Amino acid sequence: MNQRFTSVLEFRTPYFLIKGGSFVYSVANTEEHVKDIYFSQTLVANECYREFIKYLEGGSLYEKHLPLAEFRDELKYLAASDFWKWEKVVTCLQNDRGDLAALFKSSYDKDPNFSGDRQPVVGISWYAANAYCLWLSLLESEGECRGGYRLPSEIEWEYAAGGKNKRKYPWPKKKGEPTPKLANYGKNKEATSEVRFYWEGTTPERLYDMAGNVWEWMENWFDKDETTRALRGGSWNNSAKQLLCTSRSFSLPYSVSNLVGFRVIHGRNVK
């Protein structure tokens, strides 16, 4: 397998291969095996997410490769599954004139503290993050595959952040405890930072912001009652304790916040 590939759909964002292996998962204290997987080097930035919103608004060049009506049909299939469970999405899709762009648009898109092109997109729900992943998957596969791109599970994320040897923080152990040079946390910037700003705090595999900047939506439920989705990574507003590779939080899947964004992974072999 290649060690990396570049997503041309996301302004040539690199995805790096995280080699599979086994480790002790902190939540259950059980040994888990993770398959080879590609992680986006960065959080999804506003400039990438806006291309998705532009597509939903109509008139995008991407419509030549994926007609909007076809995407809406695929989204209906996903929204009707037990995986989603959000009536507002289902209702919007039942009406072919339902405004998907308004439903999924960042609520901080015009806020100067959070709307820079290279800042991570925030103010989007778990459903919006999944819709973006579906869009990437269908475009790349020319409508043939729904699941190429997706959100990581907590197990996959913790393994990528801490490695087989369970690093305390995502960066190499020799760099020690969190500092303002390694991560955006503790309100040291009072807002999000650009997605490639904290190069000193990258993982050995060169993943940015696995600690700080924004919490990341996870694919899996946080609770057994399936009411909240898991978050990982800590944010610009959190203390150093929340930057631990084992730290976790949660949020209702339809909620939005300027503390939460997302990162995409790719689960298929890429030549």
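The numbers here are math on the coordinates, done by the rules we state, and not lab data. Computed from a predicted structure; not experimentally measured. As a convention, Cβ positions derive from the backbone with ideal geometry for all residues, glycine included, and neighbour counts pool all protein chains shown.
Between Val44, Val24, Val122, the residue with the greatest mean-square fluctuation in the GNM of the chain (Cα pairs under 10 Å linked by springs) is Val24.
Comparing segment 49-189 with the 2.2 N^0.38 Å rule of thumb, its C-alpha radius of gyration ratio is 1.27 (two decimals).
Computed over the Cα atoms of the chain, the ratio of the radius of gyration to the Kirkwood radius (Rg/Rh) comes to 0.95.
Here, segment 162-206 has an Rg and a Dmax of 11.0, 33 Å when only alpha carbons are counted. Helix 68-79 and the longest principal axis of the C-alpha atoms of the chain enclose an angle of approximately 60°. For the chain, the relative contact order comes to 23 percent (Cα pairs under 8 Å, sequence separation of at least 6). For the chain, the longest principal axis of the Cα atoms and the long axis of helix 46-57 meet at an angle of about 20 degrees. Taking Arg146, Arg12, Arg229 in turn, the Gaussian network model of the chain (Cα-Cα springs below 10 Å) assigns the largest fluctuation to Arg12. If R0 is 30 Å, the Cβ-Cβ spacing of Arg206 and Asn113 corresponds to a FRET efficiency of close to 0.65. For Asn29 and Lys174, a Förster radius of 22 Å and the Cβ-Cβ distance give a FRET efficiency of 0.25, rounded to the nearest 0.05.
Take the alpha carbon atoms of segment 1-61, find their center, do the same for segment 136-184, and report the distance between the two centers in whole angstrom. Going from one Cα centre to the other spans 8 Å. Largest first and in whole Å, the equivalent-ellipsoid semi-axes of segment 21-126 read 29, 21, 15, each the square root of five times a Cα gyration tensor eigenvalue. P(r) tail, segment 202-271: Cα-Cα pairs separated by more than 19 Å, 38% of all pairs. Taking θ as phi - 60° and the Karplus parameters 6.51, -1.76 and 1.60, the scalar couplings of segment 103-114 work out to 5, 9, 5, 4, 6, 10, 5, 10, 7, x, 7, 9 Hz in sequence order, x denoting glycine and proline.
For the residue pairs Lys19/Lys173; Lys54/Lys181; Lys166/Lys189; Lys85/Lys105; Lys181/Lys241, the alpha carbons lie more than 23 Å apart in Lys54/Lys181; Lys166/Lys189. Classified by the C-alpha gyration tensor, segment 7-51 has a prolate form. Its axis ratio a/c, with a ≥ b ≥ c, is 1.5 or above, and a/b is larger than b/c. Simple spin-label estimate for Asp73 and Ala101 gives 2.3 nm between the two label positions (7 Å along the Cα-to-Cβ direction from each Cα). Spin-label model, Ser255/Trp221: points 7 Å from Cα along the beta carbon direction are separated by 1.7 nm. The alpha-carbon positions of segment 144-271 define a convex hull whose volume is 129 Å³ per residue.
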